[in-house]
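Data block below; observations after.
The values are calculated or read from the model by the stated rules, or taken from the named source; none is laboratory data. All values reported here derive from a predicted model rather than from experimental measurement. Glycine also receives a Cβ, built like all others from the backbone with ideal geometry; neighbour counts cover every protein chain displayed.
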Amino acid sequence: MSDKVSDEARVIPLRPGPGRAGPGSPEPARPGAPRSAPAEPLWRDLVGDVLRRERQAQERTLRDVADAARISLPYLSEIERGRKEASSEVLAAAARALGLDLGDLLSRTRSELVRRTGATPRTAHRAPRAGLLLAA
């Protein structure tokens, strides 16, 4: 009963690094093989990029924005890097600290998603109206 157990923890990365395939990730493309559609970016990556770009455009530091938003500097840094899924309250606070409202942040994030994926923006889906419409 002397099974050797490694002292090292097995780490499964959320995102495979360059040159590494993670569990469930597709095999590397072979030359001449058809390409699969690129994966859509994660929402947290998009939000973080938008927050960072706006902060840098205002020439403000992480500390300045974190203090104004009343969130910790390390947490804001992790949000900007797409490492944390922030709550709507935290996102609203970070947006306000940058002079935006939550709607502005979400709109810019949606635009970034459209830009990265090349998708054409769609209008809001409207359910068909039931009933009778009379015109005079």
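Of all residue pairs spaced 6 or more apart or on separate chains, those with beta-carbon atoms under 9 Å, a first member in the range 52-76 that is free of Cβ contacts under 8 Å to residues at least 40 places away in the same chain and a second member that is among the aromatic types (Phe, Trp, Tyr) and surrounded by 13 or more Cβ atoms within 10 Å (Cβ to Cβ) are ALA66/TYR75.
What is the residue count in the range 25-53 for residues that are modelled with pLDDT of 65 or more and surrounded by fewer than 10 Cβ atoms within 10 Å (Cβ to Cβ)? Don't jump to the end; show me each part of the working.
Going residue by residue through the range 25-53, those that are modelled with pLDDT of 65 or more are 39-53.
Retained after the next criterion (residues that are surrounded by fewer than 10 Cβ atoms within 10 Å (Cβ to Cβ)): 39.
Adding up the residues that qualify gives 1.
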